[in-house]
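In what follows, a single structure is set out as structure tokens and then discussed.
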Amino acid sequence: MLAAGSGITPLFAMLSSISRLTQPLTLIYSARDADPVLAAECIRLQEKFPLLQFIQLNSTTAGRLKPEMLLAWVPDLVKRRCYLCGPTGFSQQWQQWLQQQGVPEQAILQESFGLQLTATTEMQSLEIKTPGGVLQTLSQGNLLQSLEQAGLAPRYGCRRGICMQCLCQKQQGQVRNLLTGTLSGNGTEVIQLCITEAVTALQLDLTSQG
Amino acid sequence: MNTLSQFLSAHQAEQLAQELDQLAATTRESLGESDARYLQRLVAVQRLAAISGRLLLLAGFWSAWWWGLGVLLLALAKILDNMEIGHNVLHGQYDWMNHPYLNSRRFEWDIACDAKSWQRTHNFEHHTYTNIIGKDRDFGYGLLRLSDDFRWRLRNLWQFVTYLLLSTLFQWGVSYHELAAQRVFAGRKKADRHSQVSDSELKKAFFSKGARQLLKDYLVFPLLAGPLFLQVLLGNLLANLIRNWWTATVIFCGHFTAEVYTFSAEECEGESRGQWYLRQMLGSSNFTGPRWFHILTGHLSCQIEHHLFPDLPASRYLELAPQVQAIAQRYQIPYHSGSFLRQYGTVLARILRYSLPATVRQTRSGAAG
């Protein structure tokens, strides 16, 4: 488990709600000013769960979490299931690195706190898998319109989030639902193009439509 | 003649949208384990009914009563598959489950109609353009004249018979619906219709799905029964007919009862979200009944709630209905509901009434028909 800043909260909640730990688990908590109460609780949990290893990293003094540190603490990383929680950039960066190390996609679970929201007027880069190959383009605002402006012809219907004709697989990146304002996770999920906009760089698979 | 602005001002429409959006958001947040289990239990019941129904058709060898029970069970299986499961899964109501098969992109249903074709005409066209004359082809299916907005034609005189035929062959009517709209086989292409699917793709889907269904019910299963070929074939035929009659009846009650409103394309131009909600309410009607009855209708008995929230699991509509009704009352929007028999009665009356042109009806009754 990798927690950055307030990302410790859900991970701690998970740990405090289980009654037994039957597999080795390493919780790394990296923060500028860590929550002393939660940190103390995590240290105590190590007594309850012998297989729990809690490592606290003060990113002000020791610097941010680096790959070498992670590999040193968890050598068998590739076999583990990974939980990431923190600001969007943190989760995305570590997810990419973990996948590069060979951790399968399904073994990485993440939550991002959109604390570092990009403004909706910012351009985001899109990497789109189409039947003709992979296309790189920029997007601003409504994804369906952005794709059409890039010369693509995604499937669509009502263009207002009712009919689900424009469903498309998002491989990576965060989007915002324009109707409800909710932010998505960073991983693979199906989105409605007509009512979402990109909040971070995205990877989309247009061949997954219809 | 702007029906929408008669009921709500622009500001009221905005407020209505906010209230209904909030209701949907709260419900969406509460979706979870119990909804998933409900769907999976339903699928289990459907499969059990299908298997036992098909097996009992064979038992007709001993007694026709077993065969009759088999037909009913198979009809139940088809009805559940088409309505409470199929229609709702294809609307994306359960996509949040991330189920490998019970999702709107993968599911295929036990009916002649290709699922993707259905999604285009129903999820997109019907739900977006509900009751807009000229845009919602579900309002009469291009066969029946159900309001004075349509010009009277000679064939409307016998449209009650057309209705009975459509009901009997409903699964084929549904399957052909998109091809009729696209004028694939007959008629001149309409200039303002554009489709993202080519005619040849439409034909391919229509014939391949139709053929698969025919082979399954009228060749493969009968052949598997060996000497009992004929009783299985007849059983399958009757089960399909029962499904056709039931689904047609329920579906007709959704938008063709006495009090529904129709709309013109002009008045819905630039429609706001609140006005869309209003049109959905004015154009749909509910009927009442016991809980098992609602399930058999795929909760299309709650047509109003379904049209307001097509992407929320239909099993939630019954609990939403009182809240929707309360909102309707506050905004003084009519909420059409009644007993099933009453509603269906008005549907039949509507089919008969508009068999005749307005002028004839006025002279006969001495008042506007």
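General remarks:
- Across segment A:137-149, the qualifying residues are those that are assigned to a strand (DSSP E or B) and not hydrophobic (A, V, I, L, M, F, W, C), and the one among them that is nearest to the other protein chains (Cβ to nearest Cβ) is A:142.
- Of the residues in segment A:58-67, at least one is among the charged types (D, E, K, R) and without any contact (Cβ under 8 Å) to a residue 24 or more places away in the chain.
- Residue B:94 vs. criteria modelled with pLDDT of 95 or more and away from chain A (no Cβ under 14 Å): no
- Boolean, residue A:85 is within 22 Å of residue A:175 (Cα to Cα) and not assigned by TED's automatic domain parsing to the domain that holds residue A:174: yes
- Cβ-Cβ under 6 Å pairs, at least 6 apart or on other chains, segment A:150-176 side within 8 Å of chain B (Cβ to nearest Cβ) and on the phi > 0 side of the Ramachandran plot, far side buried (at least 20 other Cβ atoms within 10 Å of the Cβ) and part of a loop (DSSP other than H, G, I, E, B): A:164/B:92; A:164/B:104
- Entry remark, segment B:98-118: residues being at the interface with chain A (Cβ under 7 Å from one of its Cβ atoms) and not hydroxyl-bearing (Ser, Thr, Tyr) number 2 in total.
- When residue A:186 is tested against (1) touching a residue at least 60 places away in the same chain (Cβ under 8 Å); (2) within 14 Å of chain B (Cβ to nearest Cβ), only condition (2) is not met.
- Looking at A:62, A:72, A:107, just one residue is modelled with pLDDT under 85, more than 23 Å from residue A:198 (Cα to Cα) and surrounded by fewer than 20 Cβ atoms within 10 Å (Cβ to Cβ), and that residue is A:62.
- Index of the failed condition, residue B:141 passing every other in (1) modelled with pLDDT of 95 or more; (2) within 16 Å of residue B:173 (Cα to Cα); (3) under 13 Å from the mean Cα position of the chain (by Cα): (1)
- Complete set of residues in segment B:113-135 that are in a loop (DSSP other than H, G, I, E, B) and surrounded by 20 or more Cβ atoms within 10 Å (Cβ to Cβ): B:113, B:114, B:129, B:130, B:131
- Test: residue in segment B:200-215 that is in contact (Cβ under 8 Å) with a residue 12 or more places away in the chain, farther than 13 Å from residue B:114 by Cβ and in contact with a helix residue (DSSP H, G or I) (Cβ under 9 Å, 6 or more places away or on another chain): no
- Some residue of segment B:151-167 being within 18 Å of residue B:248 (Cβ to Cβ) and in contact with a strand residue (DSSP E or B) (Cβ under 9 Å, 6 or more places away or on another chain): no
- For residue B:38, the criteria (1) free of Cβ contacts under 8 Å to residues at least 24 places away in the same chain; (2) part of a helix (DSSP H, G or I) hold in every case but one, which is (1).
- Filtering segment A:152-173 to residues that are out of contact with any helix residue (DSSP H, G or I) (no Cβ under 6 Å at 6 or more places or on another chain) and either closer than 19 Å to residue A:109 by Cα or among the β-branched types (Val, Ile, Thr) (or both) leaves A:170, A:171, A:172, A:173.
- Selection status of residue B:27, touching a Phe, Trp or Tyr at 6+ places or on another chain (Cβ under 6 Å), surrounded by 15 or more Cβ atoms within 10 Å (Cβ to Cβ) and among the polar types (S, T, N, Q): no
- Taking segment B:217-309 and the helices (runs of 4 or more DSSP H) fully enclosed by it, the elements with 3 or more residues that are within 14 Å of chain A (Cβ to nearest Cβ) and either surrounded by fewer than 24 Cβ atoms within 10 Å (Cβ to Cβ) or at negative phi (or both) are at B:273-282, B:303-308.
- Residue check, residue B:344 under 26 Å from residue B:167 (Cα atoms), within 25 Å of the chain's Cα centre (by Cα), of a type outside the set (Gly, Ala, Ser) and crowded, with 21+ Cβ neighbours inside 10 Å: no
- When segment B:1-29 is filtered for residues that are of a type in the set (S, T, N, Q) and either assigned to a helix (DSSP H, G or I) or modelled with pLDDT of 95 or more (or both), the ones remaining, listed by number, are B:3, B:5, B:6, B:12, B:15, B:18, B:22, B:26, B:27.
- Residue list for segment A:189-210, restricted to those being part of a loop (DSSP other than H, G, I, E, B) and within 13 Å of chain B (Cβ to nearest Cβ): A:209, A:210
- Listed conditions (1) among the aliphatic types (A, V, I, L, M); (2) touching a Pro at 6+ places or on another chain (Cβ under 6 Å); (3) within 25 Å of residue B:21 (Cα to Cα) are all met by residue B:233, apart from (3).
The values are calculated or read from the model by the stated rules, or taken from the named source; none is laboratory data. In this text, all values refer to a predicted model and were calculated from it rather than measured experimentally. Note that we place each Cβ from the backbone using ideal geometry, even for glycine, and neighbour counts take in every protein chain shown.
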